[in-house]
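Notes follow the structure.
The values are calculated or read from the model by the stated rules, or taken from the named source; none is laboratory data. In this text, all values refer to a predicted model and were calculated from it rather than measured experimentally. Positions of Cβ are backbone-derived with ideal geometry, glycine not excepted, and every protein chain shown enters the neighbour counts. Side chains are part of the model used for accessible areas, which takes the heavy atoms of the whole protein and leaves out ligands, DNA and RNA. Shrake-Rupley method; radii C 1.70, N 1.55, O 1.52, S 1.80 Å.
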Amino acid sequence: MRWDLFCNVVDNFGDIGVSWRLARQLAAEHGASVRLWVDDLVVFKRLAPALDADADVQSLGVVEVRRWLTPFPAVEPAAVVVETFGCELPASYVEAMAARARPPVWINLEYLSAEPWVGGCHGLPSPHLRLPLTKYFFFPGFAPGTGGVLFERGLAGRRLAYQSDADGVARFLDSLGVPPRTPDEQLVSLFCYPQAPVGALLDAWAGGRRPVRALAFAGTAAADVLAARGLAGGRRDGALAAQVLPFLAQDDYDRVLWSCDWNFVRGEDSFVRAQWAARPLVWQAYSQAGDAHRLKVEAFLARYLGHGGPGTGSNLGTLWAVWNGFAAVEGLGAAWTACSGPECLEMARRWEKLLAGPGDLAANLAKFCAERL
């Protein structure tokens, strides 16, 4: 069964990150023949270094990658068409969909959200106003009745085996230039949007009692702050040391998340992968007008914090609120210190065991589409 996935790279890495993982999993685990149409191959290449950013058509592993050109080429639409995150399909392609003897199953893959209304909208049809086509809204989520989140087969086992092998973790970090930990040092990954209060967080770490080594990635907002402070090369400032790593392919980034004691993540793809790391995390949601993203943050925290011990919820909730700009930055240092005990790690481990409850997004989507073909 052929699938066409369309990705308009709007938010740098989140849109293409999810699309690329989904395309690979559909092909590898569900026998799908996948064409992935992407409008920005330069950004895509940072996640998939083997990609040729100058090629209009290429095979990348088991997925066919096509440049999304304007005007759009005349192609036969696939049996299943997925527009990721509300990207608008080319008009000529939609007309070609309607001309098929059997119209494709047309999916609008929405953004991930823990908000209560998601379950009521998941799977709803939307008939086209003019053409004999129906689009279905497919919502990722954390509750039964949603599409679930992405996780490939064997992910939890691979993660656990990696984290249980201290020598293997040390070898991987050494390959990235990260030195062995000093006694009691915390390793923290930093991936955030420019408006995050990175400077205040670095101040809290530098003035703290426990050593922290922060890992940022080249070309990101956190790396720019580290460079401006002269910390990018590993120089220590009080209790803080920091390094800028190269921007990594998805599988290597996963291993960084597995290696760290805490992970600061943003958007959607890194957010989900940090949850699968079973380590404490702080999520920065993509900023929306009127603070609409605050509802997403609070909805997720309501689920996540329900599995913590006494006091953990309020402290971690404060840390997330400050990081997302919902609370005064002056409270960041105290919130971080309050979260430094083992409770946050225990909560992350409990949450990771619950993530698979609604099922895997790729499998749920494949089943949904097969039922409608």
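Within the stretch 208-223, can you find the residues that are surrounded by fewer than 16 Cβ atoms within 10 Å (Cβ to Cβ) and either under 21 Å from Phe191 (Cβ atoms) or of a type in the set (A, V, I, L, M) (or both)? If you could, list the steps in order and put the result at the bottom.
Restricting attention to the stretch 208-223, the residues satisfying the condition of being surrounded by fewer than 16 Cβ atoms within 10 Å (Cβ to Cβ) are 209-210, 218-219.
Matches in the stretch 208-223: Ala218, Gly219.
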Breaking point among (1) hydroxyl-bearing (Ser, Thr, Tyr); (2) without any contact (Cβ under 8 Å) to a residue 40 or more places away in the chain; (3) in contact with a Ser or Thr (Cβ under 9 Å, 6 or more places away or on another chain), for Thr220: (3)
What do you reckon, is Ala23 surrounded by 14 or more Cβ atoms within 10 Å (Cβ to Cβ), among the small types (Gly, Ala, Ser), closer than 17 Å to Asn108 by Cα and touching a strand residue (DSSP E or B) at 6+ places or on another chain (Cβ under 8 Å)? yes
Take Ala74 and tell me if it is modelled with pLDDT of 95 or more, out of contact with any Gly (no Cβ under 7 Å at 6 or more places or on another chain), assigned to a loop (DSSP other than H, G, I, E, B) and open to solvent by 50 Å² or more (accessible area, probe 1.4 Å). yes
Take the stretch 102-128 and flag every residue that is within 25 Å of Trp68 (Cα to Cα) and either aliphatic (A, V, I, L, M) or surrounded by 13 or more Cβ atoms within 10 Å (Cβ to Cβ) (or both). Pro103, Pro104, Val105, Trp106, Ile107, Asn108, Leu109, Glu110, Tyr111, Leu112, His128
Which of the residues belonging to the stretch 9-40 are within 20 Å of Ala78 (Cβ to Cβ), within 19 Å of the chain's Cα centre (by Cα), in a helix (DSSP H, G or I) and of a type outside the set (Ser, Thr, Tyr)? Asp15, Ile16, Val18, Trp20, Arg21, Leu22, Ala23, Arg24, Gln25, Leu26
In the stretch 244-300, how many are part of a helix (DSSP H, G or I) and either among the charged types (D, E, K, R) or within 23 Å of Leu226 (Cα to Cα) (or both)? 19
Could you count how many residues in the stretch 325-373 are in contact with an Asp or Glu (Cβ under 9 Å, 6 or more places away or on another chain), open to solvent by less than 30 Å² (accessible area, probe 1.4 Å) and under 21 Å from Leu112 (Cα atoms)? 3
